[in-house]
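One structure is given here, and the rest of the page talks about it.
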């Protein structure tokens, strides 16, 4: 997969989603300096499900939405689609937790910017997701930004993942 296509899709989605949404997932990890392969574009949004659906549909995108289980710690909702044959998803953070953003200007994109989830919030989102790839991403980011280790360990502990995160931190 050519990174330029992923960046184009991320820029387009950022434009469509507008304020209250930010790049998350593998591309956000890359924006924070830890390059890894990814084939999709993920955004987190504080906008309502209906606002996100409307914005994406008005942009001519076909989407599928899923509401989470309100009685679990599931994501409130996820919207999936495809743009330029690149899969994307937009999701609401657990418990509607706000997140910080930074503006990133991808090389060669004429000064356009993409809002990217701030490092501390990206680590929290990765830990909340809790999958092996998410914990690997968190460990790699924590090696690059060691000042965030104590807060990440506390977050992992609250999620029952402290031992697992520590194992990932010891692996490399």
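Values in this text are rule-based calculations from the coordinates and carry no lab data. Just so it is clear, the structure is predicted and the values come from calculations on it, not from any experiment. Reconstructed Cβ throughout: ideal geometry from the backbone, glycine too, with neighbour counts over all protein chains shown.
Mind running the shape call on segment 1-40? Use the C-alpha gyration tensor, a ≥ b ≥ c as the square roots of the eigenvalues: rounded below 1.5 for a/c, prolate if a/b tops b/c, oblate otherwise.
Taking the square roots of the gyration eigenvalues as a ≥ b ≥ c, segment 1-40 is oblate.
In degrees between 0 and 90, to the nearest 10, how far off the longest principal axis of the chain does helix 3-17 point, with axes built from Cα atoms?
With both axes taken from Cα atoms, the answer is about 70 degrees.
Where does helix 119-129 land angle-wise versus the long Cα axis of the chain, in degrees 0 to 90, nearest 10?
For helix 119-129, the angle is close to 90 degrees.
Does segment 13-172 come out rounded, prolate or oblate, given a ≥ b ≥ c as the square roots of the eigenvalues of its C-alpha gyration tensor, rounded meaning a/c under 1.5 and, failing that, prolate meaning a/b above b/c?
Verdict is oblate for segment 13-172.
Anyone know which of 52, 116, 64 comes out most mobile in the 10 Å Cα GNM of the chain?
Comparing 52, 116, 64 in the GNM, the peak value goes to 64.
Anyone know which of 81, 131, 110 comes out most mobile in the 10 Å Cα GNM of the chain?
Comparing 81, 131, 110 in the GNM, the peak value goes to 110.
Calculate how steeply helix 149-158 sits against the longest principal axis of the alpha-carbon atoms of the chain, using the helix alpha-carbon long axis, and give the answer as 0 to 90 degrees to the nearest 10.
Value to nearest ten degrees: 90.
Quick one: work out the % antiparallel among DSSP beta bridges in the chain, nearest 5.
80 percent
Does segment 119-172 come out rounded, prolate or oblate by the C-alpha gyration tensor, with a ≥ b ≥ c the root eigenvalues, rounded set by a/c under 1.5 and, if not, prolate when a/b is larger than b/c and oblate if not?
rounded
Could you check which residue among 150, 87, 115 shows the biggest mean-square fluctuation in a GNM of the chain with a 10 Å Cα cutoff?
150
What is the distance, in nm, between label points placed 7 Å from the Cα along the Cα-to-Cβ direction at residue 48 and at residue 158?
2.7 nm
Can you give the helix-only mean residue ellipticity at 222 nm for the chain, where every DSSP H stretch with n ≥ 4 adds -39500 (n - 2.57) and the sum goes over all residues, rounded to the nearest 500 deg cm²/dmol?
-13500 deg cm²/dmol
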